[in-house]
Amino acid sequence: DEAGDHKVAVWNADTRAVVAGPYIWNIDAPGSDGWLEYTLPEPFAVQKGGKYAVTVSNNSGFMFYPCYEGYFASPVSVSAVGVDINSGCFGVGDAAYPQNAGINGRSFLRDIVFIPDGTYVPDASEGNSAGEVSIHGRIDLSDVTFAGDSSPLLLGTRFAVNTAGKITGIKAYTDTGA
């Protein structure tokens with residue numbers, strides 16, 4: 001059960017500094033399944049070519065987390081946002097940049113809500129009708145598995161921005177099947 005406090009942040013992947021947050025996200029719906037969204041207090045502007053990481057900690061009282069094996073085994077690119085091989089990342093604790101890559105292309109199902117500037121219109125595989133783009137697009141979540149650790153973790157996704165825009169929210173996939 002993911003209920004409780006989580007730290008969320010956006011990091012500059014080059015400098016490894018927090019550029020938005022950290023914020024405390026209290027997931028107060030025990031038993032919630034699916035993508036949950038934290039709306040940033042203020043949208044965070046990103047520039048074309050910027051490299052970032054988005055992170056959401058696991059709940060220190062619940063060390064299991066859903067993951068998707070192999071999602072980042074090859075580069076994933078939506079026109080507005082791209083990720084490289086092994087873009088799933090993690091760090092032990094909840095304060096340092098998550099420099100460790102997920103093994104076997106593991107995604108920790110941490111994502112962004114990104115709104116591109118200008119006239120960019122996402123297609124159905126990368127966004128929704130509101131013009132929002134996400135890294136995981138419309139993936140098949142039937143392949144979600146679970147992993148666990150004995151320590152609190154900062155779980156995330158590294159990504160590059162291919163068009164200027166703003167990050168308005170941070171998403172985490174939760175599942176009570178663990």
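The values are calculated or read from the model by the stated rules, or taken from the named source; none is laboratory data. As the structure is a computational prediction, the values presented were derived from the model and not from experiment. Every residue, glycine as well, gets a Cβ built from its backbone with ideal geometry; the counts of neighbours run over all protein chains shown. The protein model used for the area step is the full one, side chains on, heavy atoms only, and it has no ligands, DNA or RNA in it. Shrake-Rupley method; radii C 1.70, N 1.55, O 1.52, S 1.80 Å.
For the range 151-168, putting each phi into the Karplus relation 6.51 cos²θ - 1.76 cosθ + 1.60 with θ = phi - 60° gives couplings of 10, x, 10, 9, 9, x, 9, 8, 8, 10, 9, 9, 8, 5, x, 9, 8, 9 Hz, in residue order, rounded to whole numbers and with x for Gly and Pro. In summary, the lysines within cross-link reach of Lys166, defined as a Cα separation below 19 angstrom excluding same-chain residues under 8 places away, comprise Lys48, Lys51. Accessible surface comparison of Asp111, Asp175, probe 1.4 Å, protein chains only, largest first: the order is Asp175, Asp111. Between Lys48 and Ser150, the FRET efficiency estimated from the beta carbon spacing at R0 = 30 angstrom works out to 0.15. Among 160-172, 10-22, sorting by the average number of other beta carbon atoms lying within 10 angstrom of each residue, highest first, gives 160-172, 10-22. Charge tally for Tyr68 (other residues, Cβ to Cβ under 12 Å; Lys, Arg +1; Asp, Glu -1): -3. With each label modelled as a point 7 angstrom along the Cα→C-beta vector, the Asp33-Ala73 pair spans 2.5 nm.
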